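A short worksheet on the structure shown next.
The values are calculated or read from the model by the stated rules, or taken from the named source; none is laboratory data. Not measured: the values here are computed from a predicted model. Cβ placement follows ideal geometry from the backbone for every residue including glycine, while neighbour counts extend to all protein chains displayed.
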Amino acid sequence: MTGDCGVDHGFSAQPTAQGRVVVVTGMSGAGKTLALKALEDLGFEAVDNLPLSLLSGLVWPEGTAAPRNLAIGIDIRTRDFGIAPLLAAIDRLMAETHIDVRMVFLDCDVDVLARRYSETRRRHPLAVDRPLIDGIRRERELVSPLRARPDVTVIDTSTLPPAEFRRVLALKLGLESDAGLVVFVTSFAYRNGLPREADLVFDVRFLNNPHYTPELQPLTGRDPEVAAYVGADPIFSDFFDRMTGLLTPLLPRFAAEGKSYLTIAVGCTGGRHRSVVVAERLTAWLKERGARVELRHRELDGARASLGVGT
């Protein structure tokens, strides 16, 4: 992947005269504190639970020559939180040509959020007088208009370990000096649901399944024996050629349209054999063509890892 795929569509990693603001919002317990700490490490000043009335003054304090580079955490715990006021405040900031504003919405499965709160014994802000699950569902209803914005960056933290979450956040915001189109390839199990962040999904359950071969069942698609078994399927080569043939013209077009990241998900029944083999092969193919690729096997790489409530 060359040419247009190298266009920089993210923040500049170096200080500029233009102010950079990242507004971090989303579900309580989905990782807002960890996101703010990660952005602080990347050179942003981080402020959590800032009252909306103070937002403009904080971004560009009176008497200063230039706006500040800020990461601001805002959620339902914010004193004067409201969807309409928050959207209005963000739109006002975006209207300022000297400020580059991005909004990140952190999402997470209800059952994972419930487990995080149960493990830490912390109280959900909307579950003071109601069951925890009801509070989480009520919050999702309240913040859904934020997630639905076309200019928002959504990150689902349900299965992301902390280190990978920080890397995904930086890559999706383009916080690197050579930022361009980054391709995320992930394998997954259909029985655990589709990855929410997927842009393109390939179902490989039609391939011969190593699960039913006793000596291969305990192995994964990372093992050469399984890779050889899946690759020997008579339809595999034709399928892979057609899949990469589809991607070849699409990747430069995605980059040319200003997309800074693309997630390709490959799924099979259990997410351990066929999807892993295809994801590994696809990653190698992309790297051979100069693409910037991040590979993850959802069911193998610390699946259901917890970020912890308040992180």
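Condition test on ARG149, is it part of a helix (DSSP H, G or I), at pLDDT 85 or above and not assigned by TED's automatic domain parsing to the domain that holds GLY221? It is false that ARG149 is part of a helix (DSSP H, G or I), at pLDDT 85 or above and not assigned by TED's automatic domain parsing to the domain that holds GLY221.
Checked against (1) touching a Lys or Arg at 6+ places or on another chain (Cβ under 9 Å); (2) modelled with pLDDT under 90, ASP107 meets all criteria but (2). Within region 191-221, being touching a strand residue (DSSP E or B) at 6+ places or on another chain (Cβ under 8 Å) and among the basic types (Lys, Arg) holds for ARG196, ARG205.
Give the residues of region 181-219 that are among the hydroxyl-bearing types (Ser, Thr, Tyr) and either buried (at least 20 other Cβ atoms within 10 Å of the Cβ) or touching a Pro at 6+ places or on another chain (Cβ under 6 Å) (or both), sorted by residue number.
Narrowing region 181-219 to residues among the hydroxyl-bearing types (Ser, Thr, Tyr): 186-187, 190, 212-213.
Matches in region 181-219: THR186, SER187.
What tally of residues in region 26-56 results from selecting those that are assigned to a strand (DSSP E or B) and crowded, with 24+ Cβ neighbours inside 10 Å? Qualifying residue count for the region: 1. Condition check: surrounded by fewer than 16 Cβ atoms within 10 Å (Cβ to Cβ) and modelled with pLDDT under 95. Does ASP178 satisfy that? Yes.
Contact annotation: residue pairs with Cβ atoms under 9 Å, 6 or more positions apart or on different chains, pairing a residue in region 200-218 that is within 14 Å of ARG272 (Cβ to Cβ) with a partner that is among the small types (Gly, Ala, Ser) and not in a strand (DSSP E or B), are VAL204/SER275; ARG205/SER275; ASN209/GLY270; PRO210/GLY221; HIS211/GLY270. Restricting ALA163, ALA148, ALA95 to those that are under 19 Å from LEU39 (Cα atoms) and surrounded by fewer than 15 Cβ atoms within 10 Å (Cβ to Cβ) reduces the list to ALA163.
Among the residues of region 111-126, is any part of a loop (DSSP other than H, G, I, E, B) and free of Cβ contacts under 8 Å to residues at least 40 places away in the same chain? Quick ask: steps written out before the conclusion?
Within region 111-126, the subset part of a loop (DSSP other than H, G, I, E, B) is 121-126.
Those still in the list that are free of Cβ contacts under 8 Å to residues at least 40 places away in the same chain too: 121, 123.
The answer is yes; a qualifying residue exists.
Looking only at residues in region 66-84 that are farther than 18 Å from MET27 by Cα and at pLDDT 80 or above, which one is farthest from the chain's Cα centre (by Cα)? Out of the qualifying residues, it is ASN69. Checked against (1) over 23 Å from CYS108 (Cβ atoms); (2) crowded, with 18+ Cβ neighbours inside 10 Å; (3) polar (S, T, N, Q), SER260 meets all criteria but (1).
Residues in region 212-255 that are closer than 16 Å to LEU200 by Cα and charged (D, E, K, R): ARG242, ARG253.
What about ILE133, is it part of a strand (DSSP E or B) and under 17 Å from MET27 (Cβ atoms)? Against the criterion (part of a strand (DSSP E or B) and under 17 Å from MET27 (Cβ atoms)), ILE133 does not qualify. Against the test of being hydroxyl-bearing (Ser, Thr, Tyr) and either in the same structural domain as ALA148 (by TED's automatic domain parsing) or under 20 Å from the mean Cα position of the chain (by Cα) (or both), the options THR186, THR220, THR244 yield a single qualifying residue, THR186. Would you say LEU87 is under 26 Å from LEU194 (Cβ atoms) and either among the aliphatic types (A, V, I, L, M) or assigned to a helix (DSSP H, G or I) (or both)? Considered against the rule, which asks whether it is under 26 Å from LEU194 (Cβ atoms) and either among the aliphatic types (A, V, I, L, M) or assigned to a helix (DSSP H, G or I) (or both), LEU87 comes out as no.
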